[in-house]
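The values are calculated or read from the model by the stated rules, or taken from the named source; none is laboratory data. Please read all numbers here as calculations on a predicted model, not as lab measurements. Here the Cβ is made from the backbone with ideal geometry for all residues, glycine too, and neighbour counts use every protein chain on show.
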Amino acid sequence: MNPNESQKIRRQKLKDQGLCVQCGKHPPRDGLLTCEPCGKKLSENMSRWKQKAKQERQSSGLCSCGKPVEKGKTCKECKQKNRAWYYRKKNMAQCTYCGNAAMNGKTRCEECSKDLVKKNRELKLEVYEAYGGAVCKCCGESTEQFLTIDHINDDGAEHRKQIGRTSILRWLKQNDYPEGFQVLCFNCNLGRRINGGICPHKT
C-alpha cells in the first residue's frame with residue numbers, strides 16, 4: 001500500500017469516528033473535516049504558500065495567476081475581475097475587501113478598516129527603521145504623524161510615475177530599501193522642494 005492510500009484510509013477512519021482528520025484528537029468544526037487549531041494552522045500554511053508563489057511569479061514578470069503582465073503587476077483579465085468585484089461589492093454596500101457589510105458611506109467594514117490602519121502603520125514604522133528610525137534626519141522631529149519619506153535626489157515625481165499606484169512604502173520594502181531615500185518631517189520635505197533641494201534649516 002502506497003503512502004497516499006494509507007493516508008486516505010487514516011483520514012476516512014478518523015472521519016467515521018467524528019475526529020479531526022488532521023490531528024485525530026479533537027472533534028471537527030461543524031461541516032468541516034478539521035478542528036479549529038488544525039484549520040487555523042492549515043489556513044496559515046496555505047496563505048504563506050500562496051504569498052510565496054505570488055512573489056515568485058511577480059519576480060518573473062507574471063501576474064499572480066501565472067499569465068503575462070503588460071503593465072504593473074496584474075494581467076488584464078485579473079484587473080477586470082478585480083474591478084468587477086470591487087464595484088459589485090461597493091454597489092451592494094459590502095466591504096470591498098472581505099464582502100461583509102461595509103460601514104455607512106465607506107467601502108470597507110469596521111474590522112478591515114482597523115486592520116488596514118494597523119498594517120499601514122506597521123509598514124511605515126518598518127520602513128522608517130530601515131532608514132535610520134522614525135526621526136527627521138534634518139531637524140530631529142520625532143512625532144510620527146509629521147514624518148514622511150523623502151527622495152534625496154529630488155526625483156520623487158518621476159519615481160512615482162514609474163511605480164504607478166503602488167505605495168512608496170510598499171515599494172521600498174519590496175526592493176530591499178534601496179539608497180536614495182531618507183526620513184524627513186513634512187516641513188523639511190517641503191522646505192527642500194521650494195528651496196532648491198536644500199532645507200532652509202541648512203541655509
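Side notes on the structure shown:
- For segment 12-47, a residue qualifies if it is part of a helix (DSSP H, G or I) and either at pLDDT below 85 or within 30 Å of residue 64 (Cβ to Cβ) (or both), and the qualifying residues are 36, 37, 38, 39, 40, 41, 42, 43, 44, 45, 46, 47.
- Qualifying residue in segment 106-117 (condition: more than 15 Å from the chain's Cα centre (by Cα) and exposed (fewer than 12 other Cβ atoms within 10 Å of the Cβ)): no
- Where residue 99 falls short, out of the listed (1) farther than 28 Å from residue 70 by Cβ; (2) at pLDDT 90 or above: (2)
- Filter pass, residue 179 being assigned to a loop (DSSP other than H, G, I, E, B), of a type in the set (Asp, Glu) and without any contact (Cβ under 8 Å) to a residue 40 or more places away in the chain: yes
- Against the conditions (1) loosely packed, with under 15 Cβ neighbours inside 10 Å; (2) in the same structural domain as residue 16 (by TED's automatic domain parsing); (3) among the hydrophobic types (A, V, I, L, M, F, W, C), residue 53 satisfies every one except (2).
- All of 77, 44 fail the test of being out of contact with any Pro (no Cβ under 7 Å at 6 or more places or on another chain), among the acidic types (Asp, Glu) and either surrounded by 11 or more Cβ atoms within 10 Å (Cβ to Cβ) or within 23 Å of residue 163 (Cα to Cα) (or both), apart from 77.
- Residue under evaluation residue 87, criteria (1) more than 28 Å from the chain's Cα centre (by Cα); (2) in a helix (DSSP H, G or I), criterion not met: (1)
- Number of residues in segment 104-125 that are among the hydrophobic types (A, V, I, L, M, F, W, C) and either in the same structural domain as residue 173 (by TED's automatic domain parsing) or assigned to a loop (DSSP other than H, G, I, E, B) (or both) equals 1.
- Per this entry, residue 52 is counted among residues that are closer than 30 Å to residue 22 by Cβ and among the basic types (Lys, Arg).
- Restricting attention to segment 161-175, the residues that are at pLDDT 90 or above and at positive phi total 0.
- Residues satisfying the stated conditions in segment 126-155, i.e. assigned to a helix (DSSP H, G or I) and surrounded by 12 or more Cβ atoms within 10 Å (Cβ to Cβ): 126, 127, 128, 129, 130, 144, 146
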